[in-house]
Amino acid sequence: MQSHPELTQHVGRNTLAGVAATGLAASAVAAGLYELVPDAVLLGWGLMQVVCMASRWFTGRALLSHTQADPAWERALRRYVVAMAASGFVWGLASLQAVVYADMQSQLFVLAILLGIVGGAVATVSPVFNAYVAYMGGMMGVQIVAFLIGGGKLGVLMGMLTMLYTVVVFVAGRTLSRTMLDSLALRSALQTAKEEADAANIAKTKFLSSMSHELRTPLNAILGFAQLLQLDRELDDKQRDSTREILLAGDHLLTLINEILDLARIESGQVVLNMEAVPLADLLHECETLARSMADKHGVRVAFATIDPRLNLKTDRLRLKQVLLNLLSNGIKYNRRGGQVSLDCELLPQDRLRITVRDTGNGIPKALQPQLFQAFNRLGKEAGQHEGTGIGLVITRELVQLLGGTLGFESTEGVGSEFWVDLPASPLPA
């Protein structure tokens, strides 16, 4: 199975834990066999363990300093595999000593420690699967042979059980290694997709920015000439209606261009906020003046709550005004004649302010509410009398989030809708 530099670095970071566990387990085995195994044999085995632990430490830590692009990575990996194979073989010699010199109780003690070492290696070594196989093969191979040649039915039984355990931990290690490789492949694919999406988004923003300028130039000329035509007193009624249609269509197209460009800027993170202390009462007065002008044309009443002049918001004045005007214009456009749009403010706990815009329109059907913030989705109003782009609320929600707030809504079909914006607010002075 192919190794991956990130997995080898994962193993390298776990080298200290593996070496420490090896040292503790080796000390336990030496203590258990101390009075049973000749001193020279036990001492030689201990020295081999020290050499293997040192080799494992140096080769494991070396994995941290290389990437796949580095030619030294494969050499470091091969050295680590050899070190792990040697370490596994030395561990296998422990079981051979137990079979040759110790009683059955001591053999079971050594066996328990070795099985625990192999189980622990699943987490610390198996991500580099070839090193795990070398380690486990050296350890379990010698151990199985030792039990089988030890003679007796019990030795054969223990050898068979050890082989079965070896298969189990082999499968567990392979599964973990494959899972981590798949995870890395998925993460790499996601990163590539993200980079491609970011590049496409940047290209889209540049394209829209360029096209907006290209479209605005002839469009402004069309609107300018249409406005001049409106001033011509020699036009008959039909010609005046045609001129008015040109102006309405041109204004709508200009709004569409501006909103698409605005959305592209927001999505690409190119919106720069000018955060400042904004007196809320002054801002709402400006919004009320503009909203009343629009409401008069639609036969809708506008009601604004009285705001304490001491209340300030740390926000971007222009962008918050854009948010509120969009909510107010939607409440006016999609209202019924003789209906009402109201704006209220409420201080919430933890220095938050809620601005709520309510209307008495037809409301939004419950089935369509999940689609409310989908770009270019006008919820079946495409053929209605009110023109729109279907991205106003998308821009509004994005702007509210940029301002550190949240946008929510409730709507009842046949009754009306209310949208609220929760924003950070400066506390009123005592």
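Observations on the structure shown:
- Count of region 80-99 residues which are surrounded by fewer than 23 Cβ atoms within 10 Å (Cβ to Cβ) and either among the small types (G, A, S) or free of Cβ contacts under 8 Å to residues at least 12 places away in the same chain (or both): 3
- Taking the conditions (1) part of a helix (DSSP H, G or I); (2) more than 23 Å from I144 (Cα to Cα); (3) modelled with pLDDT under 85 in turn, S95 satisfies each one other than (2).
- Within region 270-281, the residues that satisfy the criterion of being loosely packed, with under 12 Cβ neighbours inside 10 Å and out of contact with any strand residue (DSSP E or B) (no Cβ under 8 Å at 6 or more places or on another chain) are Q270, V272.
- Candidate set: region 367-393, residues that are in a helix (DSSP H, G or I) and within 26 Å of R301 (Cα to Cα); chosen: the one modelled with the lowest pLDDT: G392
- Within region 338-352, restricting attention to residues that are at pLDDT 90 or above and not acidic (D, E), the residue that is nearest to the chain's Cα centre (by Cα) is C345.
- Scanning region 326-341 for residues that are touching an Asp or Glu at 6+ places or on another chain (Cβ under 8 Å) and surrounded by fewer than 19 Cβ atoms within 10 Å (Cβ to Cβ) turns up just one, Q340.
- Qualifying positions in region 106-157 - touching a residue at least 40 places away in the same chain (Cβ under 8 Å) and not in a helix (DSSP H, G or I): V125, S126, P127, V128, G150
- Verdict on N362 being in a loop (DSSP other than H, G, I, E, B) and in contact with a Phe, Trp or Tyr (Cβ under 9 Å, 6 or more places away or on another chain): yes
- Number of positions in region 208-229 that are surrounded by 15 or more Cβ atoms within 10 Å (Cβ to Cβ) and without any contact (Cβ under 8 Å) to a residue 40 or more places away in the chain: 5
- Criterion: exposed (fewer than 12 other Cβ atoms within 10 Å of the Cβ), of a type in the set (D, E) and either assigned to a helix (DSSP H, G or I) or touching a residue at least 60 places away in the same chain (Cβ under 8 Å) (or both) - qualifying residue of D182, D198: D182
- Qualifying residue in region 4-21 (condition: within 16 Å of L114 (Cβ to Cβ) and at pLDDT 80 or above): yes
The values are calculated or read from the model by the stated rules, or taken from the named source; none is laboratory data. Just so you know, these numbers come straight off a predicted model, no measurement behind them. Positions of Cβ are generated from backbone atoms using ideal geometry, with glycine treated the same way; all protein chains shown enter the neighbour counts.
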